[in-house]
Each structure stands twice: as C-alpha cells, then as structure tokens.
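Just so you know, all these numbers are worked out from the coordinates, no wet-lab data involved. These numbers were taken from a predicted model, which means no experiment stands behind them. FYI the Cβ positions are ideal-geometry reconstructions off the backbone, even for glycines, and counts take in every protein chain you see.
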Amino acid sequence: MTLAWAGLALTAAAFGLSALLCALMRVVAPRFGLVDKPGGRKAHLAPTPMGGGVAIWLTFVGVLAIGAGVITAAGVSLPAELGRHAAGMWEKSGELAWIVGLASVVMVIGLVDDRVGLGWRPRLAAQLILATILAAVGVRVTLFWPFTHPLPGGLATVLWVVGLTNAFNFLDNMDGLAASVGLIAAGLFAAAQLLVGSLFVPAVLLVLVGSLGGFLVHNRHPARLFMGDAGSNFLGFTLGAFTVAGTFTRGGYSPYGMLIPLLVMAVPLYDAASVIVIRLREGRSPFQPDRRHFSHRLVERGLTSPGAVLTIDLVTLTGGLGALLLPRMGGLGALVVALQTLCLLGVVAILEFSTSRPPGRDG
C-alpha cells in the first residue's frame, strides 16, 4: 500500500508542477519567439505558444530529481516497504541518467527546430546518433537470440527509439492528441511492468503520466499551448528508451509479454506508416508536413477534432488493455490478442479510407 501511495504522490506532484509550468510557458514562450502561427495546413486560428514541451521536460526532470533527493535525505527513516527497494533504485540510477540525458538533448534539438527550423536530415542524423549512444551504453533490446548479441540488439533499439521519436512527432498534429496517446501508453507500460514485479521504471513512467496530464490542461481543444517538436521528440524518445529499459517478462511469466510495446504503440506506428506510404506514393518526402494523418482522415469522414482525438485514444487503450494479459498467456492466447489489435486497426483503416456512396445506392 505504501508503494501505491508513493506512485500516486509522484503522479500528482508531476501533474501539479506541469500544469503550473505550462501556465508560465504560455506567458514566457512568446517572448522567445516560440509561437506557432496559423496558416497553410495548420488548423488553429490564432498564434499559439509552443513552450509545452519544455514544461513537460522540466517537470519530468524536476520531479525525478526531487524524488531522488527525498530518498537520499530520508535514508534509514524511509518506510520499510520503500526502504527495501531503495538500493535497487540506486543500481538503476546510471541507466536512468543516460536515458534522461539523451532525451534532454533530443528535447533541445526539437526546441531549436521550433525556434529557427531545422531540416529533417540533421534532426534524423542526431536522433540516430543519440539512439546509438543509448544502445552502446547498454540500454538495448535483449529479448532472445539473436537479439542477445549487442549488434542485432543495438540495431533493433536504434530503429525502435528513432521510429517512436518520429511517430510521436507525426502524431502531434491535433489538439491533445500526442499528449493523450503518450499518457495512455505510459500508463499501460507502467501497469504492464508492475504486473511482472518491476517497480523502478513504472515509477518513472508515472512521473511522465503526471507531466503529460498537467500539459493536457492547457492543450485540450481549443489548445492554448502546444508541445512543439521539443515535446513530441522528447516524448517519443523517452517512451522508446523506457520500453527497452523496462521489464515486460521474467521468470514465471510468459515470454510473450515482449509484444506489449508493439501492441500499445500500434496507433502511433500505424499513423506514421500510413502517412509515409501516402507521401511516398504521391512522390513526396515522407517528412514533408501535410494533413494526411490518421486524425485528419477521421475528420474528413465527419468527426470533429475532439471526436477524432477521443477515437484514437480509445483505439490505443483498447489494444493496450488486451496487451496487459500477455505475460500470463501461452502462444495461442498471445496470438489471439495480437490478431485482435490487428483487426481493430483493420476496421479503423476500412472506415477511414472508405468512400462515401450517394444516398439510395446499393452495392
């Protein structure tokens, strides 16, 4: 029970601090030129500050630092239930420092892009370098052979982390979308790892949940603050890194828990893949912004923007809730859960790509 209260306290502290810092960023960001102006493919009607990503990052780093300070200061006076896990937390602190440090660099690169604009090539090159460093310091995929070898595991890690970084950058195209999907994903990842007995990474993910929740107070439709590339890149990189660092299966649990990240991230990956295919088919760069995203296609089918965001959130949650059962399932059950998620995405694809028929026409 003490651990549950500690997790709730971390989430609440992050929520409150994030909401406060986001309110501050709404005032400060325009003074530094961090404003997204309307026009072109953009749907908002008034200039909107883009400092949300900085507020999310400050909250995440700040709450983690405060938490570490409290544990250090409390020492032996910690409640027994927390004290038993304190040593293990410090063992993981080096890994946490690498992830937070590299994610912070990604945030700064996104912030520069928000302020002056960077081409996709330098941004992608930087992401590849940072993800390679992450794998090189030992935060990499080690699921099963051949991924137990550093090279295949490192390559899978780089592809996964860079892929999610860009998937969330693509997903940040409508009020509340990237943050709400990120919040759901972080919450599901925390729950999945708690179910197999992991504590450290779930605690960190709960801080991210609170940080995103506080931001959504200001980002829900109509948004008064955007996260910008600083926020979307930081969010994608952080989630990618912590899914690699986390534990989804261990002794006594099914190895199919390793599929959880893929199923929880099915929507961001589907959006990124479908947009890239559409752009390439039209002879354009896959990094050229447009209004061909999953959310935009749902709006074209008649949904409002908030309705499209809610639909995507529910699809993400539906696929992710099934994934929570994987650590306790055999091969057949895991196959059923994976097929369920694929069928869910298939239904969505049929609905969003179908063409309307004139009234009174059949067949």
Q. Once you put a point 7 Å from the Cα of T142 and another 7 Å from the Cα of A97, both along the Cβ direction, what distance in nm separates them?
A. 2.0
Q: List, in order, the whole-Hz ³J(HN,Hα) value for each residue of the range 25-34 obtained from phi through the Karplus relation with A = 6.51, B = -1.76, C = 1.60 and θ = phi - 60°; use x for Gly and Pro.
A: 5, 4, 8, 7, 3, x, 5, 9, x, 8
**Q.** Alpha-carbon spread of the range 2-353, three principal axes, descending order, Å
**A.** 58, 50, 36
Q: Give the residue from P47, L128, G246 lying farthest towards the positive end of the charge dipole for the range 2-353; charges sit on Cβ (+1 for Lys and Arg, -1 for Asp and Glu) and the dipole is referred to the Cα centre.
A: P47
**Q.** Karplus-derived HN-Hα couplings along the range 189-199 (A = 6.51, B = -1.76, C = 1.60, θ = phi - 60°), whole Hz, x at Gly and Pro
**A.** 5, 4, 5, 4, 6, 5, 5, 9, x, 7, 10
Q) Which chymotrypsin sites (Phe, Trp or Tyr not before Pro) in the range 127-203 pass both tests, a DSSP loop state and at most 11 other beta-carbon atoms within 10 Å? A) F144
**Q.** Extension gain (nm, one decimal) between R224 and Q340, 0.36 nm per residue minus Cα-Cα
**A.** 38.1 nm
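Could you please rank V347, V28, V315, placing first whichever residue has the fewest other Cβ atoms within 10 Å of its Cβ? Display every interim value, and only then the final one.
Values: V347 11, V28 15, V315 20.
If I rank by nearby Cβ atoms, fewest first, I get V347, V28, V315.
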**Q.** Residues listed by number, the range 251-270, amide nitrogen under 16 Å from V347 label point at 7 Å toward C-beta
**A.** 267
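With 10 angstrom as the radius, rank F15, F353, F287, F215 by how many other C-beta atoms surround their C-beta, starting from the fewest.
Working: F15 22, F353 10, F287 16, F215 32.
Taking fewest neighbouring Cβ atoms as first place, the list is F353, F287, F15, F215.
Pull out the extension gain between T304 and A125, defined as 0.36 nm times the separation in residues minus the alpha carbon to alpha carbon distance; nm, one decimal. Don't skip to the end; give the middle numbers.
On the way: separation 179, 0.36 × 179 = 64.44 nm, distance 3.63 nm.
Using 0.36 nm per residue and subtracting the Cα-Cα distance, I get 60.8 nm.
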**Q.** Other-chain or far-sequence residues with amide H under 5 Å of V35's (modelled H)
**A.** M50
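L332 to A273: FRET efficiency via 1/(1 + (r/R0)^6), r the Cβ-Cβ distance, R0 41 Å, to the nearest 0.05?
Details: r = 27 Å, r/R0 = 0.66.
After rounding to 0.05, the efficiency reads 0.90.
Under a point-charge model restricted to the Cβ atoms of Lys and Arg (+1) and Asp and Glu (-1), what is the dipole moment magnitude of the chain relative to its Cα centre, in debye to the nearest 20?
Numbers: 24 positive and 16 negative charges, 117 e Å.
Dipole about the Cα centre, nearest 20: 560 debye.
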Q. Got a sec to turn the phi values of the range 218-223 into Karplus ³J(HN,Hα) couplings, 6.51 cos²θ - 1.76 cosθ + 1.60 with θ = phi - 60°, whole Hz, x for Gly and Pro?
A. 9, 9, 5, 5, x, 5
(Q) Among L34, P261, L208, whose Cα projects farthest towards the positive end of the dipole of the chain, with charges put on the beta-carbon of Lys, Arg (+1) and Asp, Glu (-1)? (A) L34
